[in-house]
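Remarks on the structure that follows.
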Amino acid sequence: MDNAQTSPSFATRAIHVGSTPDESTGAVIPPISLSTTYAQTGVGNHKGFEYSRSNNPNREALERQIAALENGKYGFAFASGSAAASTLLHLLGHGPSHVISIDDVYGGTSRYFTHVASLLGVQTSFVPLEGTVEEAVIASNWKKHTKMIWVESPTNPTMKIVNIPHLARIAHSRDAILVVDNTFLSPYYSNPLDLGADVVLHSVSKYINGHSDVIMGVVVTKHQHLAERLRFFQNAIGSVPSAFDCWLAQRGAKTLHLRAERHGENALKLAHYFATEGVKRGWVKSKHDILYPGLPWNANYDIMMEQMSKHVKANNGDVSLGVPTGGMLSVSFSDSVSEAGEKILERLTLFSLAESLGGVESLAELPSKMTHAGIPKALREELGINQNLVRFSVGVEDYQDLENDIRRAAEDVYAS
Ligand SMILES: *Cc1c(COP(=O)(O)O)cnc(C)c1O
């Protein structure tokens, strides 16, 4: 099974692309290829592998698998999501260049733009790009050397949704490329290349690997001219993942569809629990303080529904209660108790108090003091990251156990 076109089904692609039995032994699961170098039968005569930084069987297998899941043609794996992002910026080429990034971008990406890329002549403007952004907003931020628009959708942690096809049209009309960091939704819930994006990026450390035991990044594109340059940069810059990590991530991605479905079901149920019980008992002031893209009352819900991947859309029957959109859920708790968010986090037992996301186990954190503490307070509040905003990475445990954990913690905090 060589590429996405040979199989229409996401699940089948996840399990089979890049995973054919080993020809020499028949091993159904590809062995881990630790060799750094490969014997040639004559000078320049080899089997596609020369030196493991340039290419490695496990990495190639994983790259093909993820490219197939994103409906792309070419995948490139890196030592982290951040390494993927920094390598990607080399597409900007020589001379001064300018990137328009969504204001609510991942902290590490913002840090890289501001403190590293800037040293190399790349200037970045952080612009609110939520919803269907007016072309005038883009025009007023456009510079002579603008070459790239960079977005995440939904954003972290306030779950803002970007109209990707609209932004792709604007970018292309101005000869720029659109990069979408699709880490939060994973390829299961959305395929930005189908929506007009030129490049998709993932922190594989999150949903794709899914077990919180690998740091890795990946970039996928359909464009051959970008792929050729990315392949060159991947080898020349050399921030590549290990064979073992590629093998683990490939194994993880084989169950992405199963995990993603359960993450989504659990998170949607929890969102409804907060919207009903949470509001009734005064833990949350209004259902609008529950930030989950799949809730019908969420801003830009219609855009989100348009942007769901085809197989998810096909599965969504009754959508009156909303639809699963993955495991990320943020809740702004009522300030009727001081530091309620922090107090709830300290009382949760199943949800570990930890940064990161996308693993099978549930995690929760306080962005204002943890993942987003580096953002100046004024900007943080402008972005909607208040001190009682809690971000949940809802895992795939039994739903009722998760709800019980939250109920116990919230009852304790709001009763006192
Ligand atoms: C974690 C994350 C990254 C960075 O990935 P690493 O693998 O940690 O380097 C980039 N974007 C988003 C949205 C992330 O969540």
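The values are calculated or read from the model by the stated rules, or taken from the named source; none is laboratory data. Quantities reported herein were computed from a predicted structural model and do not represent experimental measurements. Cβ atoms come from the backbone with ideal geometry, glycine included; neighbour counts cover every protein chain shown. Protein only, heavy atoms only, side chains kept; ligands, DNA and RNA dropped before computing areas. Shrake-Rupley method; radii C 1.70, N 1.55, O 1.52, S 1.80 Å.
General remarks:
- Residue check: Asn56 meets all listed conditions (1) closer than 21 Å to Leu230 by Cα; (2) open to solvent by less than 90 Å² (accessible area, probe 1.4 Å); (3) free of Cβ contacts under 8 Å to residues at least 40 places away in the same chain but one, namely (3).
- Taking region 134-183 as the range and being at positive phi and in contact with a Lys or Arg (Cβ under 9 Å, 6 or more places away or on another chain) as the test, only Asp175 passes.
- Residue check for Arg281: under 18 Å from the mean Cα position of the chain (by Cα), open to solvent by 60 Å² or more (accessible area, probe 1.4 Å) and not assigned by TED's automatic domain parsing to the domain that holds Glu152: no
- Restricting attention to region 357-385 and to residues that are touching a helix residue (DSSP H, G or I) at 6+ places or on another chain (Cβ under 8 Å) and more than 25 Å from Ala299 (Cα to Cα), the residue that is modelled with the lowest pLDDT turns out to be Gly374.
- Residues being within 14 Å of the ligand (Cβ to nearest atom) and in contact with a Phe, Trp or Tyr (Cβ under 9 Å, 6 or more places away or on another chain) - total across region 104-132: 5
- Selection within region 237-254 - open to solvent by less than 10 Å² (accessible area, probe 1.4 Å) and either closer than 11 Å to Arg59 by Cα or in contact with a Pro (Cβ under 9 Å, 6 or more places away or on another chain) (or both): Cys246, Ala249, Gln250, Ala253
- Applying a threshold of 9 Å to beta carbon distances and a minimum spacing of six or more residues, or different chains, the list of pairs starting in region 392-405 at a residue that is assigned by TED's automatic domain parsing to the domain that holds Tyr292 and ending at one that is of a type in the set (Lys, Arg) and not in a helix (DSSP H, G or I) reads Ser393/Lys206.
- Flag if Gly341 is in the same structural domain as Arg408 (by TED's automatic domain parsing) and in contact (Cβ under 8 Å) with a residue 60 or more places away in the chain: no
Rundown of residues vs (1) aliphatic (A, V, I, L, M); (2) within 29 Å of Gly210 (Cα to Cα); (3) modelled with pLDDT under 95, yes/no style:
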residue	(1), (2), (3)
Val137	yes, no, no
Glu152	no, yes, no
Val180	yes, yes, no
Leu185	yes, yes, no
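- Residue ID - farthest from the chain's Cα centre (by Cα), chosen from residues in region 212-232 that are within 14 Å of the ligand (Cβ to nearest atom) and in a loop (DSSP other than H, G, I, E, B): Asp213
- Index of the failed condition, Ala354 passing every other in (1) open to solvent by 20 Å² or more (accessible area, probe 1.4 Å); (2) modelled with pLDDT under 95; (3) within 16 Å of the ligand (Cβ to nearest atom): (2)
- Failed condition for Pro241, given (1) over 16 Å from the mean Cα position of the chain (by Cα); (2) more than 25 Å from Ser35 (Cβ to Cβ); (3) part of a loop (DSSP other than H, G, I, E, B): (2)
- Residue check for Asn58: modelled with pLDDT of 95 or more and part of a loop (DSSP other than H, G, I, E, B): no
- Matching residues in region 380-416 - criterion: being open to solvent by 70 Å² or more (accessible area, probe 1.4 Å) and more than 25 Å from Gly210 (Cβ to Cβ): Glu381, Glu382, Gln387, Arg408, Asp412, Ala415, Ser416
- Count of residues meeting criterion [open to solvent by 10 Å² or more (accessible area, probe 1.4 Å), under 17 Å from Leu256 (Cα atoms) and not aliphatic (A, V, I, L, M)] in region 208-236: 3
To keep it simple, each residue is scored yes or no on (1) in contact (Cβ under 8 Å) with a residue 60 or more places away in the chain; (2) open to solvent by less than 80 Å² (accessible area, probe 1.4 Å).
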| position | (1), (2) |
| --- | --- |
| Ala267 | yes, yes |
| Ser286 | no, yes |
| Leu295 | no, yes |
| Asp302 | no, no |
| Val312 | yes, yes |
| Leu321 | no, no |
| Gly326 | yes, yes |
| Leu329 | yes, yes |
| Ser334 | yes, yes |
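- Qualifying residue in region 193-206 (condition: within 13 Å of the ligand (Cβ to nearest atom), among the polar types (S, T, N, Q) and at pLDDT 95 or above): yes
- Condition check for Val240 on (1) within 14 Å of the ligand (Cβ to nearest atom); (2) touching a Leu at 6+ places or on another chain (Cβ under 8 Å); (3) within 14 Å of Gly81 (Cβ to Cβ); (4) touching a residue at least 40 places away in the same chain (Cβ under 8 Å): one failure, at (2).
- Val360 aliphatic (A, V, I, L, M) and either over 26 Å from the mean Cα position of the chain (by Cα) or buried (at least 20 other Cβ atoms within 10 Å of the Cβ) (or both): no
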